[in-house]
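Beneath this line is the structure, given in structure tokens, with notes to follow.
Every number in this text was worked out from the coordinates using simple rules, so none of it is lab data. Keep in mind that this is a model prediction, so the values were computed, not measured. Cβ coordinates were reconstructed from backbone atoms using ideal geometry, including for glycine residues, and neighbour counts include every protein chain displayed.
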Amino acid sequence: MRRLSLKLRLLICSVLMATVFSGYTNEIDKDFGFGEIDNKQYVYDYADEYTDSEEKKLQKKCEKLKEELGLDIILVTTNDLGYNDPYATDSTIEYYESQYAESFYLNGGYGDGILYLLDLDYDGIYVTESGLAEVYIDDDDHEDILDAIWEDFIDYNYYDAANSFVNEVDDMVSARLKDDDFVELKEAWEKGDYVFYDEFANDYYDEIEEAHKDHLFTPFKDLKLCLGIGAVIGAVVTLIAAYTSNTRSATSSKTYMKDGSFNILQQYDNFTHTTTHSYKVNTSSGGSGGRSSSHRSSSGGRSRSFSGGGRRR
């Protein structure tokens, strides 16, 4: 029985140490694998969810709106977001989607525009605006766009969802091109006077490059190595614990106590009052995913701003 207890402690310590090492040094694998991107192309169906005819229709629509609205409207589908994270939360997934969308946009060299990402890897949709598109589309508008495509998305009507997205952007921006207030905003944007975020910079490509560099804990990304190290450390800890348990003290709790010097005669528990705390619980419906958030990325010395958000089925 004692030998079995020792083996059990050894196993627990080994697994614990392996978990600590592998968890502490775990690095999310990032490999977008876009392939060649042409800023004259607006439909990239990597997940193969559109027919050839549907792709051509969507492409023509986006080309037409490029001329009319002056915005690049990009549609991307993927079933491999390029991340490997089985424990990702909704907020983490949204971060992955934003990185994918922004990297795609920057690699393609697109101008001012809006990108719709159908993410079948994590079963979600993500929309990001860049540059002048942020002047025409604010956070509330962004949520309206997601609302417009949500029903088609949850019903697996992916072409209809893409079509609804393009139509919603067309209706929204076309109306504002005729609005004097938005004309003034556009003029302010062109002069560089329009500011909608705190001034800060985040070099996206440096971040990606830094993430792939080897560091002190790179060897610990190997699960077998982590298990081996954990087993060795667990064995040492278990042997120390077993040795110290064999060295028993001759003293006890009664060694320094005079007989009859400490007796508990009676015990009372008096219940006097109750204290309660209440907390407000926020609930939401219509899928996961929250409000839009704004941030800035930069590429090759040229600053590029993005706003975006998404939802999951």
- For the pair residue 232 and residue 79, the simple spin-label estimate (label points 7 Å beyond Cα toward Cβ) gives in nm 4.4
- Of 61/191; 66/186; 64/178, pairs whose Cα-Cα distance is over 22 Å: 61/191
- Message: Test of understanding: what is the full-extension gain from residue 107 to residue 123, defined as 0.36 nm times their sequence separation minus their Cα-Cα distance?
- Response: 3.4 nm
- FRET efficiency for residue 63 and residue 95 from the Cβ-Cβ distance with R0 = 35 Å, rounded to 0.05, comes out at 0.65
